[in-house]
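Worksheet for the structure shown next.
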Amino acid sequence: MASAFAPGKCILFGEHAVVYGHPAVAVAIDQGVRASITESLEWKLEGMPFDPSRHPHITHIIQSVFHYDGPPLTLDVQSGLFSAAGMGSSAALSNAVGAALHSHLNADEPLDSVKLAKLAHSAEATAQKGRASPTDTATSALGGCVVISGEHVEGTRHVFDTSLVTPEGRREWSINVVDLSPRVREAWLVMGYTGVGSPTGRMVAKVAKLLSESPERSEDMEDISRITRAGLTALSAGNLEALGMAMDACHERLQRLRVSNPLLDRLVVAARPHSMGAKLTGAGGGGCMVALTEDPQRVAEAIEVAGGRPLVSRLGAKGVRVV
Ligand code: PMV
């Protein structure tokens, strides 16, 4: 049997602004997806017959990436992530299946996380009608703290470039990493799931409409970009207070872009008394918020009392790995 684990992600800064070429910062979290593969007599997923049309990510990896034509496989998947919640669960699934299949077919060859990030991105794009940013797949593959941008961002280490032909034209991204200071690694993130799915496509379209009707709102995008750069400096310097302040400021700009909602705001407000900062994370409209804290237990309780489902993680977990 071959098994691999790939982490989920949390966007700390730059959601929505990244769609307009500004940088976004994401960290890998402790929770993720584990995939196991064994040879068997028939194709199975989670004990049920495998229907390729219902699982386009997995089918793309098996057929188009690995060109697998061996005996049938049984796939088992365990996820510690809420799905459709902005935690990158489908990217983690693509990475975990890709890594497990790589290990099954080439057990002696080490895993190439950049190659995996690219193939998982192509699987995501195939499953999402050609529209997928590499944020989730790159963060899950590389682990740590990843900066995605239209261009190289000062103070970061460049890892690779990637592009995609989308229905709106060709898009290019620069994928960079930042070393987290030890003080940041000792802090905690508490994510709070609203229990409502986060409709990424719908929220991106809503922001596009707002910007075309009220062009002055692009000031908020500029602000988010500035806040993101301040947040990056705080992440590498280990300045948790500045990091928290930047998260609060980012949430305010996302509210102005109308991607927050009363549920997300309620969880953010509940977390703040015991946190250095809190904001929605990901597309908004549902999904999750995230708080930075040194008291994860208190924040998790506050989120639960306010009606959310908490998930506690350190910042910058290791990337995809064979287990
Ligand atoms: O899908 P989510 O919730 O992780 O958020 C995606 C982040 C956006 O900036 C809103 C969209 C994108 O493609 O980057």
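The values are calculated or read from the model by the stated rules, or taken from the named source; none is laboratory data. Bear in mind that the values here come from a model prediction, so they are computed numbers and not experimental data. Don't worry about glycine lacking a Cβ; one is built from the backbone with ideal geometry, like all the others, and counts go over all protein chains shown. Heads up: the accessible areas ignore ligands, DNA and RNA and are worked out on the full protein's heavy atoms, side chains in. Shrake-Rupley method; radii C 1.70, N 1.55, O 1.52, S 1.80 Å.
To the nearest 20 debye, what is the magnitude of the charge dipole of the stretch 168-219 about its Cα centre, counting +1 on the Cβ of each Lys and Arg and -1 on the Cβ of each Asp and Glu?
Here the size comes out at about 180 debye.
Which whole-number percent gives the relative contact order of the chain, counting Cα pairs below 8 Å spaced six or more residues apart?
Numbers: 772 pairs, mean separation 78.0, N = 323.
Relative contact order comes out at 24 percent.
In whole Hz, what ³J(HN,Hα) sequence does the stretch 7-18 give by Karplus (6.51, -1.76, 1.60; θ = phi - 60°), x for Gly and Pro?
x, x, 9, 9, 7, 8, 8, x, 4, 6, 5, 4
Give me the orientation-averaged projected area of the Cα convex hull of the chain, in nm², one decimal. Before the final figure, lay out the partial values.
On the way: hull surface 62.8 nm².
Mean orientational projected area (the chain, Cα hull): 15.7 nm².
Would you tally the net charge around Ser163, using a Cβ to Cβ cut-off of less than 12 Å, leaving Ser163 out, and scoring K and R as +1, D and E as -1? Write out the running numbers ahead of the final one.
Numbers: positive: Lys118, Arg170, Arg171; negative: Asp161, Glu172.
Spelling it out: positives minus negatives among the neighbours equals +1.
Of the options Ser90, Asn106, Leu45, report the single residue whose Cα projects farthest towards the positive end of the charge dipole of the stretch 27-106 (beta-carbon charges: Lys, Arg +1; Asp, Glu -1).
Ser90
With every protein chain left in place, what is the accessible area per residue of the stretch 2-180 in square angstrom, probe 1.4 Å? Before the final figure, lay out each step's value.
Values: 7350 Å² over 179 residues.
Spelled out: the 1.4 Å probe surface of the stretch 2-180, per residue, equals 41 Å².
Taking Rh as the Kirkwood radius, which is the inverse of the mean 1/r over Cα pairs, what is the Rg/Rh value for the stretch 2-180?
On the way: Rg = 16.0 Å, Rh = 16.4 Å.
Rg divided by Rh gives 0.97.
In Å², and per residue, what accessible area does the stretch 182-314 have when probed at 1.4 Å with the other protein chains present? Can you show the working numbers first?
On the way: 5730 Å² over 133 residues.
Result: 43 Å² per residue.
With +1 on the Cβ of every Lys and Arg and -1 on the Cβ of every Asp and Glu, and nothing else charged, how large is the dipole of the stretch 175-271 about its Cα centre, in debye rounded to the nearest 20?
Dipole size: approximately 320 debye.
On the accessible surface of the chain, probed at 1.4 Å, how many percent belong to carbon and sulfur atoms? Walk me through the numbers before you get to the answer.
On the way: 7000 of 13690 Å².
Carbon and sulfur atoms account for 51 percent of the accessible area of the chain.
What does the extension gain come out to for Tyr68 and Glu151, with contour length at 0.36 nm per residue minus their alpha carbon separation? Intermediate values should be presented prior to the final figure.
Details: separation 83, 0.36 × 83 = 29.88 nm, distance 3.57 nm.
Result for the pair: 26.3 nm of gain on full extension.
Tell me which of Ala117, Ala35, Ala17 sits at the most positive position along the dipole axis of the stretch 2-180, charges placed on C-beta atoms (Lys, Arg +1; Asp, Glu -1).
Checking the options against the dipole of the stretch 2-180, the answer is Ala17.
If I take R0 = 51 Å and measure r between the Cβ atoms of Asn261 and Glu109 in this structure, what FRET efficiency does the formula 1/(1 + (r/R0)^6) give, to the nearest 0.05? Let's see the in-between values first.
Details: r = 46 Å, r/R0 = 0.91.
Calculated value: 0.65.
I need the shape label for the stretch 182-314. Rule: rounded when a/c is under 1.5, else prolate if a/b > b/c, else oblate, with a, b, c from the alpha carbon gyration tensor.
Details: a/c = 2.36, a/b = 1.28, b/c = 1.85.
Oblate is the answer for the stretch 182-314, as a/c is 1.5 or above yet b/c matches or exceeds a/b.
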